[in-house]
Amino acid sequence: MPSRPGETLAVRLADIAAALGGELRGDGERLVERIGPLEAATPTTISFLAQARLKPLLATTAAGAVIVRDDVAPVVLARGASAVVVADPYLAFARLTRWWAARTRPLPAPGVHPSAYVAPGAQVHALASIGPFAVIEAHAVLAEHVVVGAHAVVGEGAEVGPGTQLRARSTFGQACRIGARGIVHSGAVIGADGFGFAPHEGRWEKIEQLGAVRIGDDVEIGANTCVDRGALDDTVIEDGVKLDNLIQIAHNVHIGAHTAMAGCVGVAGSARIGKHCTFGGAAMILGHLQIADHVHISAASVVMSSIMKPGQYSGVFPIDENGNWEKNAATLRQLHTLRTRLRALEKKSSP
Amino acid sequence: MPSRPGETLAVRLADIAAALGGELRGDGERLVERIGPLEAATPTTISFLAQARLKPLLATTAAGAVIVRDDVAPVVLARGASAVVVADPYLAFARLTRWWAARTRPLPAPGVHPSAYVAPGAQVHALASIGPFAVIEAHAVLAEHVVVGAHAVVGEGAEVGPGTQLRARSTFGQACRIGARGIVHSGAVIGADGFGFAPHEGRWEKIEQLGAVRIGDDVEIGANTCVDRGALDDTVIEDGVKLDNLIQIAHNVHIGAHTAMAGCVGVAGSARIGKHCTFGGAAMILGHLQIADHVHISAASVVMSSIMKPGQYSGVFPIDENGNWEKNAATLRQLHTLRTRLRALEKKSSP
Amino acid sequence: MPSRPGETLAVRLADIAAALGGELRGDGERLVERIGPLEAATPTTISFLAQARLKPLLATTAAGAVIVRDDVAPVVLARGASAVVVADPYLAFARLTRWWAARTRPLPAPGVHPSAYVAPGAQVHALASIGPFAVIEAHAVLAEHVVVGAHAVVGEGAEVGPGTQLRARSTFGQACRIGARGIVHSGAVIGADGFGFAPHEGRWEKIEQLGAVRIGDDVEIGANTCVDRGALDDTVIEDGVKLDNLIQIAHNVHIGAHTAMAGCVGVAGSARIGKHCTFGGAAMILGHLQIADHVHISAASVVMSSIMKPGQYSGVFPIDENGNWEKNAATLRQLHTLRTRLRALEKKSSP
């Protein structure tokens, strides 16, 4: 029986080592009840060492077992703990969390909750799970093992691929599509209207957004994040993209595969972003520009023109004590003048 | 019969020209199945040319019909395509999208979905449409042609004007009012408490927010955008204002008519913003200040004091390769000192 | 009977003075129908004077009663109005709004709305109130006087303390806990997955987030704000913290007691923030850093390293007319070079 939240799980270390494909060194019968960081571990905790600079923590940790690289295992064993030896401890830790979650937070059973509303013409696979008060509009297609949480809304004609989860209170709009194994977190809104208006005599006339949103496989979309539908063509998010919470993706943006964005990022309309990029929190990308593959934008930096060369880019006003900032900010408003004065002095001094 | 999403619509070009009040040049019997950009058009696509700089695209587009100004029509006809001639092609395009959407995404039929909850004392017009699981609290008043989407909540005593749409999973709070033809997108929260507290012995004591939110006609409010209720008086949004997604409008803000704000903008309490202003994405406006009519704030710029003169205003740290940024940012922290040193040199050199 | 929204309340000034523990000077039988600011008051309005610089407004206000400090009362009485004398008028005003709200916006009656879904095994106190379509999952525990609004979702095993309100359309996730007298506003998502992935061969492998969110007493969390669950340990928000709308709190953040954050703030993972801090709107705090008690961060400022000293900190590019900004921003990209040139000149001039 899977345990309920709050219940403890107790598993043999040998089972964990086997699940991770790691080499067990030490006592395989040791019971593990928790995954935890080295600095807050107990004898029933399994921990991991992913960064060489944290190696000193091994001398003091109470962890009963540690996931480590081969060269570090003797240090663990010398402390009387057991080791699970793998090539990449951080990756093994990630996989262990998934193995653990599968045992402690099982997916809901297939079937449609009696309170849910499934419109005539919607196709819900027999192995999909539909939560309380969920709404599945007409012609929506939900594949096997799809999980729709409480109060989630799936619009008319939308398609949700195998194993994808639409968490409680998410909205997946009319005619939008998402592939396999995705997660759309609570409050996310996929497929609201893009922000498009034509100016006319001092007023704004709405441009209906006739496109949709097309999302690949293995995509995660954070809580309260918005991905707008395209104006004419679709907004596109390729495979493996990870979006954190409270992100705004405007209409007709294209995000390349395996790009990740931290919370509060904003991407304006029709920006085309490459593969394998990363964006720090609150980074802003203006519209209609292009970002190459493998570009990394620091948190809170604003991209105002296209970036065609891989690399790390930053642009943040350095924080300072308020009094210092005030003086420097005031001077900044005259910076161009200062440069002119400097030039004048240079000319004078080199006749 | 209106088509369902995914179904194609096929309309005569002559009907489109008539609907737009444009002059047809070429084959009015041509069937149009799609509106699309010039660069991705097919012979059954109608496209448009709104900017002179895009004129070269006419030489290569496969569009069967193009909406253009009079002077450009011959270029279209010479390519064997048809033209719809109008004074403002972008405006005609906007109107065409609305004509198209009315045929492909019809509004839901009037009536209250059997799963919705309408509290005793609420007034719902017979021509309003209330979706699955919507909640209409007591004394709310919904006018004709109002559309309330699935899971939307309309608070006690709220008033919603004719033709206004509260999309799925939006919240329209107690005693708030919105005029005619508005759209409140999914996840938007109108009328949460403003952020008001009195400090007392190191703690915060809540100031109940006794005002509401008052919204004019033709206002659009984006997905997951928040408009807080006023502390004593109302927060006010005038006619024709357009707010994109994930915007924060604090208590007692006043936004003048026809002002537009892109995604992620924040406006702090009691700011008073003029008419016909525009705000780029993630612009921030501090509290208790005033912005005149026709002010345009660039994306990611922070308004820290009142702006009384129309114009374009900006304030963003320019992004750069990380190494360059680090050097310049470090120097920026000494900028005031640099100015002092420059002055000293200037004095020395002009005795 | 409590009045409905829109209905007026009419109370004797003597009752207000008694409720505030203030000293009445003037006519205690005067009827008060509204709390309002001095500049928009009528004879049935009670107002307050909290800042000495606003004292001139007393000469022109039409308010029938004003909450003031002792020394100001004679000015009020001389105008023919009545005074309620207290030590801290702003605090008294805050308390009056709560007294007023209790009379005009009474809490819903205890009980479970017939449309709500309460899973078997959930514990709902008989004095709790559960709104339409609310979902209470298994093993959740709701204390006395808890109010769960329409469409709110309380996850499996979550605990909600006495008197706490989860407003309409909020999400309170699996195994999360909140203390007494809290408010979680509409659209807020407590306990979505933290943003954690291990890179592997150019892809991201999910790290399941096995922690939860632990929230103290008297905490308010704004509309559409997100607080993510911890990776291994919990995300922690201590007593008395106030978070405005659209804030992102990442996994394993720790926020000290009585700290307040304005709208659109972002806090990245594992940041540890002190007690009694304030953060202006859209301030951003990077991950894994520490902020001491009594630190105040200005709006839109980015904290990129730990701050161990109390004080006010700022870092915002000053806004300017666009043309000026362009020149100064361009020069800023050469600032380090300018410093080098200045040094060269200084050397030259001081041989």
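The values are calculated or read from the model by the stated rules, or taken from the named source; none is laboratory data. Being a predicted model, the structure only gives us computed values, none of them experimental. FYI the Cβ positions are ideal-geometry reconstructions off the backbone, even for glycines, and counts take in every protein chain you see.
Tabulated results
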read-out	value
Sole exception among (1) within 20 Å of C:Ser186 (Cα to Cα); (2) of a type outside the set (Ser, Thr, Tyr); (3) over 13 Å from the mean Cα position of the chain (by Cα) for C:Leu289, by number	(1)
Segment B:40-68, residues that are part of a strand (DSSP E or B) and under 17 Å from B:Asp88 (Cα atoms)	B:Ile46, B:Ser47, B:Phe48, B:Ala65, B:Val66, B:Ile67, B:Val68
Segment B:321-342, subset facing chain A (nearest Cβ under 8 Å) and within 21 Å of A:Met304 (Cα to Cα), residue surrounded by the most Cβ atoms within 10 Å (Cβ to Cβ)	B:Leu332
Test set (1) over 19 Å from C:Ala223 (Cα atoms); (2) hydroxyl-bearing (Ser, Thr, Tyr); (3) at the interface with chain A (Cβ under 9 Å from one of its Cβ atoms) - C:Ser129 fails condition number	(3)
Sole residue being in a strand (DSSP E or B) and either at the interface with another protein chain (Cβ under 7 Å from one of its Cβ atoms) or surrounded by fewer than 24 Cβ atoms within 10 Å (Cβ to Cβ) (or both), chosen from C:Ala223, C:Ala175, C:Ala198, C:Ala192	C:Ala198
Residue within segment B:150-162 that is under 30 Å from C:His276 (Cβ atoms), in a loop (DSSP other than H, G, I, E, B) and out of contact with any helix residue (DSSP H, G or I) (no Cβ under 9 Å at 6 or more places or on another chain) present	no
Residues located in segment A:132-149, provided they are in a loop (DSSP other than H, G, I, E, B), under 18 Å from C:Phe133 (Cα atoms) and within 12 Å of chain B (Cβ to nearest Cβ)	A:Pro132, A:Phe133, A:Ala134
Some residue of segment C:329-339 being at negative phi, touching a His at 6+ places or on another chain (Cβ under 7 Å) and outside the structural domain of C:Ala180 (by TED's automatic domain parsing)	yes
Residue tally, condition part of a strand (DSSP E or B) and within 9 Å of chain A (Cβ to nearest Cβ), over segment C:290-311	6
Residue that is farthest from B:Ile207 (Cα to Cα), among those in segment C:69-91 that are at the interface with chain B (Cβ under 9 Å from one of its Cβ atoms) and either hydrophobic (A, V, I, L, M, F, W, C) or surrounded by fewer than 17 Cβ atoms within 10 Å (Cβ to Cβ) (or both)	C:Asp88
Residue that is nearest to B:Ala300 (Cα to Cα) [pool: residues in segment B:312-337 that are in a strand (DSSP E or B) and under 27 Å from the mean Cα position of the chain (by Cα)]	B:Ser314
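So that you can scan it fast, the table gives a plain yes or no per residue for (1) of a type in the set (D, E, K, R); (2) under 26 Å from C:Ala283 (Cα atoms); (3) in contact with a His (Cβ under 8 Å, 6 or more places away or on another chain); (4) not assigned by TED's automatic domain parsing to the domain that holds A:Gly179:
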{"position": "A:Arg229", "(1), (2), (3), (4)": "yes, no, yes, no"}
{"position": "A:Leu246", "(1), (2), (3), (4)": "no, yes, no, no"}
{"position": "A:Met261", "(1), (2), (3), (4)": "no, yes, no, no"}
{"position": "A:Gly266", "(1), (2), (3), (4)": "no, yes, no, no"}
{"position": "A:Thr278", "(1), (2), (3), (4)": "no, yes, yes, no"}
{"position": "A:His288", "(1), (2), (3), (4)": "no, no, no, no"}
{"position": "A:Asp293", "(1), (2), (3), (4)": "yes, no, yes, no"}
